[in-house]
1. Taking only Cα atoms, what is the 0 to 90° angle, nearest 10, from helix 53-69's long axis to the longest principal axis of the chain?
2. As a check on your grasp of the helix formula, calculate [θ] at 222 nm for the chain: sum -39500 (n - 2.57) over DSSP H runs of n ≥ 4, divide by the residue count, round to the nearest 500.
3. Give the relative contact order (percent, whole number) for the chain; include only Cα pairs under 8 Å separated by 6+ residues.
4. In square nanometres, what is one fourth of the surface area of the convex hull spanned by the alpha carbons of the chain?
5. Applying the Karplus parametrisation 6.51 cos²θ - 1.76 cosθ + 1.60 with θ = phi - 60° to the phi angles of the range 82-93, what ³J(HN,Hα) value in whole Hz is obtained for each residue in order, glycine and proline being reported as x?
6. In straight Cα distance, which aspartates and glutamates are under 20 Å from Lys102, not counting same-chain residues fewer than 8 positions off?
7. Setting aside same-chain residues fewer than 8 positions from Lys99, which lysines have a Cα under 24 Å from its Cα?
8. Take each of the peptides 30-37, 44-51, average the number of other beta-carbon atoms within 10 Å over its residues, and list them starting from the highest.
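Each reported figure results from applying straightforward, stated rules to the coordinates on display, with no laboratory input. Everything numeric here is computed off the predicted structure, so don't read it as measured data. Neighbour counts run over all protein chains shown; Cβ positions are idealised from the backbone, glycine included.
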Amino acid sequence: MADAGWIVMTVSAFFGWIPIFTFRKKGGVQKGKSYMNTTILVDSGIYAIVRHPQFFAGILVSLALVLISQHWVNLVLFIPVVVGTYIDSLRADRRLIEKFGKSYESYMMRVSGLNPLVGISNLFKKRVRNLQGL
C-alpha cells in the first residue's frame, strides 16, 4: 500500500508543477510576475484535462499520505481536505468567471474541475469525433 502512496505522490507532482510552466508559457504572464497573474484564459495542455490541477494535486498529496502512513487518523483527516479543496475550487471558479467572463463559463462546461479521468475521456471522445469528421 505504501508503494501505491509513492506513485500517487509522484502523479501529484505532475499536476502540481506543470501548471506553473503552462501559465508562464501560455497565460500571458508579464515578465517578473507570478505565474498566477495570467491575462489569457489557458484551456490547453493540462488545463484541457482539469480546470484546477493544483487543487487536484493537493488532494493527491493527501491521499498519498494516507496510503504511505496507513494510519486511520490520516484517513479521517483526508475527508475534510477533499471537501475543503472542492469548496476552494468552486470559489476559484467564481473568481475566474469574474476575470474571464463567458469564455470561462464555456470552459467550465467543457472541462471538469477536479476529475482528470473525465477530462481525459472527454479529450479522447473529441479526438475520435475529429478523426471521424464529425
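1. Tilt of helix 53-69: around 10 degrees.
2. Working: 5 runs with 97 residues, N = 134.
One gets -25000 deg cm²/dmol as the mean residue ellipticity at 222 nm.
3. Details: 141 pairs, mean separation 39.5, N = 134.
RCO, the chain: 30 percent.
4. Values: hull surface 38.7 nm².
Answer in nm², one decimal: 9.7.
5. Per residue, the Karplus-derived 3J(HN,Hα) values read 5, 4, x, 5, 4, 4, 4, 5, 5, 5, 4, 4 Hz.
6. Asp43, Asp93
7. Filter leaves Lys25, Lys26, Lys31, Lys33.
8. Details: 30-37: 10.1, 44-51: 19.1.
Ranked from most to least packed, the peptides come out as 44-51, 30-37.
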